[in-house]
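K.L.:
Below you'll find the structure I mean.
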Amino acid sequence: MADDLRDWLVKVDKLGDLERIEGAKWDTEIGCLTSMNWRRQPSPALLFNKIPGYPPEFRVVTGSTRTPGRVALTFNLPQGLKGLPLMDAVRQKINEWESVLEKYPPVMVDSGPVLENVLSGDDIDLFKFPVPKWHEEDGGRFIGTGDAVITRDPETGVVNVGTYRVQVHDKKTPGIYISPGRHGFLHVQKNHLEGKACPVLVSVGHHPLVFRIACLEVPFGMEYQYMGAVRGEPMKLLKEEVTGLPFPADSEIVIAGFIPPDKKHAEGPFGEWHGYYASGERPAPIIEVQRIYHRHNPIIMGSPPGRPPSDSSYYMVLMSGAMIHNELLKAGIPDIRGVGFSEVGLQQFITISIKQRYAGHAKLAALIVSQLRRASYMNRYVVVVDEDIDPTDIQDVIWAISTRSNPETDIDIIRRTRSSAVDPQIRKPATAFFNSRAIIDACKPYEWIEEFPKVIDFKSDLVSDLRKKYTTFAGD
Ligand SMILES: Cc1cc2nc3c(=O)[nH]c(=O)nc-3n(C[C@H](O)[C@H](O)[C@H](O)COP(=O)(O)O)c2cc1C
Ligand SMILES: [Mn+2]
């Protein structure tokens with residue numbers, strides 16, 4: 001195939017952005033090095049090989065899309081931009097992709113490298129692969145972190161692809177954790193309500209684009225089209241023999257089976273994206289595996305969560321911020337300058353910058369954002385700032401909150417909103433997962449905006465003249 005994970009690794013290697021690591025153990029060493037790497041400068045993609053106890057070329061890759069350069073390579077984005085200009089360029093790209101989704105339905109093919117090895121019956125053994133235990137306190141080894149879980153709606157036939165974590169309980173039994181409200185959750189639920197097992201595929205190694213679209217809240221069931229639109233070429237899929245579900249022909253490893261309605265297994269604890277082992281150990285669905293398909297010398301796409309900034313934080317900030325901005329425009333909210341998350345607050349702390357046009361404009365934007373699907377999952381704070389504040393610059397945002405909001409009048413609390421079993425602030429066991437959220441209006445007061453004290457600033461002419469005159473101040 002034109003562009004698979006292996007081709008991608010060659011490109012990353014050519015950029016000098018790939019580090020091979022030999023001999024790291026699956027038991028926490030791969031996970032610890034992965035996490036140490038997130039805070040290194042530069043922070044290459046890591047390709048682990050010669051993992052003790054495994055064939056030397058059974059590999060694990062991590063950090064695939066941790067950096068601006070590798071995200072740009074994967075999504076064909078302009079290089080070298082940052083902050084709001086980058087967000088605007090990404091929004092433009094998203095609009096282009098979303099306008100051509102219908103042109104990229106996936107095509108079905110008959111063969112692909114993933115069929116090089118087909119395991120069934122007694123040969124099914126998930127520990128055949130170097131599945132990492134990622135964090136010290138994890139309840140086991142997780143094969144699915146940067147994965148793509150494929151399910152089908154039993155009524156409409158729509159196929160969805162989502163990233164949901166997959167633990168290996170024993171060599172034949174993986175467990176899966178899907179949050180309520182996810183598309184995959186709805187598919188499992190529909191089957192189970194009819195008393196049927198839910199057919200499922202889990203691809204655990206593939207081009208990073210497959211993973212990065214699976215983990216994004218794209219329109220329901222449009223993931224394969226989305227991947228096609230980004231690549232400018234339809235996805236090539238194989239029809240899986242037992243479940244009938246379609247999967248990428250150049251995947252590295254695919255697990256096929258059924259999620260039964262009546263069986264669960266203790267799942268977790270697992271180090272999660274907010275930086276805690278919050279969901280503890282609970283019963284969660286399992287997969288009864290019928291087949292495993294894999295390429296020779298397969299590569300696991302690892303993307304463990306961790307205390308942010310982590311494997312996914314740069315990518316999520318970029319894509320979710322851009323998508324939320326686009327959704328606000330579609331909702332008819334004018335004069336949005338930008339939407340920003342920080343790599344540590346993620347969707348829990350979102351800032352929107354607007355040019356206030358009418359009384360209530362700021363609150364309207366904030367309330368909508370707090371309930372959008374991609375933000376509603378565990379958001380806690382939505383901050384609205386004026387157009388002179390860069391929402392992607394957390395220093396700017398804190399300055400605006402500190403100087404333009406008055407806690408008594410500018411903070412609203414919304415109660416009993418959507419949370420999750422992974423919320424560190426909910427004491428377990430719990431029967432339902434709610435949180436609350438705060439809207440912080442850190443805009444200048446609309447009714448006396450013109451009188452608000454002037455910000456200290458220097459005219460841009462003066463600044464540029466001085467840059468020319470004193471070249472050590474040239475700046476960027
Ligand atoms: C690395 C990573 C791991 C994730 N793990 C899970 C998970 O275990 N369970 C879950 O429900 N969502 C998880 N998510 C979030 C979903 O993948 C995301 O909400 C996606 O949009 C789900 O697809 P869907 O919108 O088709 O349901 C994860 C996201 C990332 C980036
Ligand atoms: Mn979906």
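K.L.:
If the only charges are +1 at each Lys and Arg Cβ and -1 at each Asp and Glu Cβ, what is the size of the charge dipole of segment 217-288 around the Cα centre, to the nearest 20 debye?
P.N.:
Roughly 100 debye, rounded to the nearest 20.
K.L.:
For the chain, calculate the relative contact order in percent as a whole number, restricting contacts to Cα pairs under 8 Å that are 6 or more residues apart.
P.N.:
In percent, rounded to a whole number, it is 14.
K.L.:
Same structure, new question: Can you pick out the pairs among K190/K239; K82/K468; K172/K196; K50/K236 whose Cα atoms lie more than 26 Å from each other?
P.N.:
Correct reply: K50/K236.
K.L.:
Ranked from highest to lowest mean number of other Cβ atoms within 10 Å per residue, what is the order of the peptides 332-342, 120-130, 373-383?
P.N.:
Order by mean packing, descending: 373-383, 332-342, 120-130.
K.L.:
For T156, project a label point 7 Å along Cα to C-beta. Then give me every residue of segment 338-375 with its amide nitrogen under 14 Å of that point.
P.N.:
Hits in segment 338-375 for T156 at 14 Å: none.
K.L.:
Treating only the Cβ atoms of Lys and Arg (+1) and Asp and Glu (-1) as charged, compute the dipole magnitude of the chain about its Cα centre; round to the nearest 20 debye.
P.N.:
My answer is approximately 320 debye.
K.L.:
Fully extended, how many nm does the chain gain between K263 and D465 (0.36 nm per residue separation, minus their Cα-Cα distance)?
P.N.:
65.5 nm
K.L.:
Please report, in debye to the nearest 20, how large the charge dipole of segment 313-448 is about its Cα centre when each Lys and Arg carries +1 at its beta carbon and each Asp and Glu carries -1 there.
P.N.:
My answer is approximately 760 debye.
K.L.:
Please give, to one decimal in nm, the separation of the simple spin-label points placed at T431 and V344, each 7 Å out from Cα toward the Cβ.
P.N.:
3.8 nm
K.L.:
Taking a ≥ b ≥ c as the square roots of the Cα gyration tensor eigenvalues, with a/c under 1.5 meaning rounded and otherwise prolate when a/b beats b/c, else oblate, which class fits segment 100-301?
P.N.:
Verdict is rounded for segment 100-301.
K.L.:
Further, regarding this structure: Dipole of the chain (Lys/Arg Cβ +1, Asp/Glu Cβ -1, origin at the Cα centre): which of S420, L81, L346 lies farthest to the positive side?
P.N.:
Among S420, L81, L346, the one farthest towards the positive end of the dipole of the chain is S420.
K.L.:
Something else about it: Compute the acute angle (0 to 90°) between the alpha-carbon long axis of helix 361-371 and the principal axis of greatest extent of the alpha-carbon atoms of the chain; round to the nearest 10°.
P.N.:
That helix lies at roughly 10 degrees to the long axis.
K.L.:
Compute the helix-to-body angle for 183-193: its Cα long axis versus the longest principal axis of the chain, expressed 0 to 90° and rounded to tens.
P.N.:
Tilt of helix 183-193: around 50 degrees.
K.L.:
Sequence neighbours fewer than 8 away in the same chain don't count; with that in mind, list the aspartates and glutamates whose C-alpha is under 16 Å from K14.
P.N.:
Result set, ordered by chain and number: D3, D4.
K.L.:
Do you know the Lys pair count in segment 313-448 for C-alpha distances under 27 Å, with sequence separation 8 or more or different chains?
P.N.:
Within segment 313-448, the lysine pair count is 6.
K.L.:
May I pose another question? First select every other residue whose beta carbon is under 14 angstrom from the beta carbon of I30; then total the charges, Lys and Arg +1, Asp and Glu -1.
P.N.:
My count for the surroundings of I30 gives -1.
K.L.:
Can you give me the angle between helix 394-404 and the longest principal axis of the chain, using Cα atoms only, in degrees from 0 to 90, rounded to the nearest 10?
P.N.:
40 degrees
K.L.:
I need the peptides 92-104, 231-243 ranked by packing, meaning the mean over residues of other C-beta atoms within 10 angstrom, with the highest value on top.
P.N.:
So the peptides 92-104, 231-243, ranked by packing, come out 231-243, 92-104.
K.L.:
Additional query: Could you list M323, M108 in order of exposure, starting from the residue whose Cβ has the fewest other Cβ atoms within 10 Å?
P.N.:
In increasing order of surrounding Cβ atoms, one gets M108, M323.
K.L.:
Kindly provide the helix-only [θ] at 222 nm of the chain, computed as the sum of -39,500 (n - 2.57) over DSSP H runs of four or more divided by all residues, to the nearest 500 deg cm²/dmol?
P.N.:
For the chain, the value works out to -8000 deg cm²/dmol.
K.L.:
When you count, for each residue, the other Cβ atoms within 10 Å and take the mean per peptide, how do 351-360, 36-45, 266-275, 407-416 rank with the highest first?
P.N.:
266-275, 351-360, 36-45, 407-416
K.L.:
If you don't mind, there's one more thing I want to ask. Between D457 and D125, what is the label-point separation in nm under the 7 Å Cα-to-beta-carbon projection?
P.N.:
Roughly 6.7 nm, to one decimal.
K.L.:
Oh, and also: Of L84, L318, how do they rank once you tally other Cβ atoms within 10 Å and put the fewest first?
P.N.:
Going from sparsest to densest Cβ surroundings: L84, L318.
Bear in mind these aren't lab numbers, they're just calculated from the coordinates by the rules spelled out. Model, not experiment: these values are computed from the prediction. Please note: Cβ atoms are built from the backbone with ideal geometry, for glycine as well, and neighbour counts cover all protein chains shown.
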